[in-house]
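Participant: Please find one structure pasted underneath; my questions will follow.
The values are calculated or read from the model by the stated rules, or taken from the named source; none is laboratory data. This structure is a prediction, so every number in the text was calculated from the model and none was measured. Because the Cβ atoms are built from the backbone with ideal geometry, glycine has one as well, and the counts that use them run over all protein chains shown. Just so you know, the surface numbers come from the protein's heavy atoms only, side chains and all, with ligands and any DNA or RNA stripped out. Shrake-Rupley method; radii C 1.70, N 1.55, O 1.52, S 1.80 Å.
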Amino acid sequence: MRVIHTVAALREALAAGPRPVFVPTMGNLHEGHLALVRQARAHAAASGGVPVVASIFVNRLQFAPHEDFDRYPRTLAADCALLERERCDLVFAPDEREMYPEPQGVVVQPPAALAGLLEGQFRPGFFTGVCTVVLKLFNVVQPQAAVFGKKDYQQLMVVRTMVRQLALPIDILAGETSREADGLARSSRNGYLSPAERAEAPRLHRTLQALAQAVRGGQRDFDALERAAIDGLRRHGWAPDYVAVRRRADLQPPAAADEPLVVLAAARLGTTRLIDNLEI
Ligand code: PAF
């Protein structure tokens, strides 16, 4: 496995071969990322044995000034060891000067109707930062397919919208959310949790499960279900940003007969903001 830090070297390494399958990450890899790499590897094998490329880059553009950019864990050596075990062919790990050698004035503004909802309401500019870096990484790696986790459900939809509207010749593959035995969705940010918070954290998944169960059972007062879920989390010390039942197609609030649905949530436990979702 090669670890490459510059755009020029990456282009040279990939120039002669077929277009790879790509897994973009911000590093601090866990089993959830590795499952995406395995999915990429299977897709690459089915596509005639093309290479698998992963990127590791903590993208300042998608963090607001008060967010955790500075404390986001950087664990390149450990990440590369894990990627090597998964038979990743190439890791692209640029530093900030390589990715943003000048102020990034050109940005990708995803449609507000999708990117302004939910995460976009609580993290303004987040999806502009994500789209900008993802498009730039796509331009550098030139993949034929890229894998994104469903854990970041809205991000997956925003990236798919960007790819469709900009006619990028890239298949976007969705990876299922990887969970700990107690249901907590795997996330690099779980590492911020204290032992007491870690014990409490699976409540977010349980809350979504209960809400999904109620909807499957025929309850259609989504507002009431969301309010009850938010109150339940608050009672256990959480500060929820949202718990929302939405249409899977566009993440808009559903009418009673709309299907299929997804329930999404973001909530802070102590200083850690966790997100999760469940397709209903
Ligand atoms: O999901 C992530 O880790 C990041 O948002 C991504 C897609 C690597 C862009 O920085």
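Participant: Just checking, does segment 196-203 include any residue being open to solvent by less than 20 Å² (accessible area, probe 1.4 Å), in contact with a helix residue (DSSP H, G or I) (Cβ under 8 Å, 6 or more places away or on another chain) and within 13 Å of the ligand (Cβ to nearest atom)?
Facilitator: no
Participant: Checking the condition closer than 26 Å to Glu259 by Cβ and more than 19 Å from the chain's Cα centre (by Cα), which residue from Gly232, Gly237, Gly175 passes?
Facilitator: Gly232
Participant: Could you pull out the residue among Arg186, Arg179 that is under 19 Å from Gln154 (Cβ atoms), in contact with a strand residue (DSSP E or B) (Cβ under 9 Å, 6 or more places away or on another chain), within 16 Å of the ligand (Cβ to nearest atom) and basic (Lys, Arg)?
Facilitator: Arg186
Participant: Of Thr177, Thr207, which residue is of a type in the set (Val, Ile, Thr), open to solvent by 10 Å² or more (accessible area, probe 1.4 Å) and closer than 23 Å to His43 by Cα? Quick ask: steps written out before the conclusion?
Facilitator: On the way: Thr207 fails: closer than 23 Å to His43 by Cα.
On inspection, the qualifying residue turns out to be Thr177.
Participant: Is at least one residue of segment 230-252 among the hydrophobic types (A, V, I, L, M, F, W, C), under 30 Å from Pro111 (Cβ atoms) and free of Cβ contacts under 8 Å to residues at least 12 places away in the same chain?
Facilitator: Within segment 230-252, one or more residues are among the hydrophobic types (A, V, I, L, M, F, W, C), under 30 Å from Pro111 (Cβ atoms) and free of Cβ contacts under 8 Å to residues at least 12 places away in the same chain.
Participant: If you take the residues in segment 114-161 that are open to solvent by 30 Å² or more (accessible area, probe 1.4 Å) and in contact with a Pro (Cβ under 9 Å, 6 or more places away or on another chain), which one is farthest from Ala8 (Cα to Cα)?
Facilitator: Only one residue tops the list, namely Gly116.
Participant: Moving to a separate point now. List the strands (runs of 3 or more DSSP E) inside segment 1-94, counting only whole elements, that have at least 3 residues being of a type in the set (A, V, I, L, M).
Facilitator: Fully inside segment 1-94 and qualifying: 52-56.
Participant: Here's a follow-up. Scan segment 42-88 for residues that are aliphatic (A, V, I, L, M), within 14 Å of the ligand (Cβ to nearest atom) and open to solvent by 60 Å² or more (accessible area, probe 1.4 Å) and jot them down.
Facilitator: Leu61
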